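Take a look at the structure below.
Here, each number is a calculation from the coordinates, and none is a lab measurement. Treat the numbers as computed from the prediction; the structure is a model and nothing was measured. Backbone-built Cβ (ideal geometry, glycine too); neighbour counts: all protein chains shown.
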Amino acid sequence: MYSKEQASQLRQAFWTAFGQYMAPVFSAEGLRVNWVNYKTGAKHIYFRMQADNKLASISIEIAHPDTELQELYFEQLETYKNILHDTLGEEWHWQLHDVDEYGKTISRIYKEISPTSIYQQENWPDLISFFKLRIIALDEFWSDVKYAFGVSV
């Protein structure tokens, strides 16, 4: 077991390593991007990468406070489901109106792997591969559909 400080340091070390690994990779539009803190440009739509001592996940998260608008965004993304899955090369889970760890209602489209642990450095290569392929594919997908969500250049 790790202390809170040790766990925090390991998480920070992993995300720093991932960010450095991804730094030379340009976006689908040929731009530099902060892959760890990816900006979709659409309010209330986020790409999230998370890892803990049991699993890792990557997701498109819709966090609009109005659940009806959240559902509309979700349905709008569903119209692009085939494009998303083709770009990713795999199918993801679709979850409308879930509750996150803060008690907030969100909707998400996600992929998980388990068992894995961010706290075991021997798992880092697999975690980096898991996140890298999918965040690049999400960026490629988003570069094609973001305008439907009000993102301007």
Of SER114, SER57, SER27, the one that fluctuates the most in a GNM where the chain has Cα springs shorter than 10 Å: SER114
Given Cα pairs under 8 Å that are at least 6 residues apart, what percent is the relative contact order of the chain? 27 percent
When the chain is fully extended, how far beyond the present Cα-Cα distance does GLU78 get from GLN6, taking 0.36 nm per residue of separation? 21.9 nm
Placing each pseudo-label 7 Å from Cα in the direction of the beta carbon, TYR102 and VAL145 end up separated by a distance in nanometres of 2.4 nm
Please report, in whole Å³, the volume per residue of the convex hull around the C-alpha atoms of the stretch 12-64. 94 Å³
Quick one: which of LYS39/LYS132; LYS4/LYS43; LYS4/LYS132; LYS4/LYS54 span more than 24 angstrom between C-alpha atoms? LYS4/LYS43; LYS4/LYS132
Taking all pairs of distinct alpha-carbon atoms in the stretch 1-90, Kirkwood radius in angstrom: 15.6 Å
Could you compute the FRET efficiency for TRP94 and GLU29, with r as their C-beta to C-beta distance and R0 at 25 Å, rounded to 0.05? 0.45
For the stretch 57-103, the Cα gyration tensor yields equivalent-ellipsoid semi-axes (√(5λ), largest first, whole Å) of 21, 14, 7
Compare HIS93, HIS44, HIS64 in a GNM of the chain, Cα atoms joined below 10 Å, and give the one with the largest fluctuation. HIS93
Compactness of the stretch 63-147 - radius of gyration and Dmax, Cα, Å: 14.7, 43
Looking only at GLU90, GLU61, GLU140, which one moves most when the chain is put into a Gaussian network model with springs between Cα atoms under 10 Å? GLU90
For the chain, average projected area of the Cα convex hull in nm²: 9.4 nm²
Would you mind pulling out the separation of the Cα centroids of the stretch 10-82 and the stretch 110-153, in Å? 7 Å
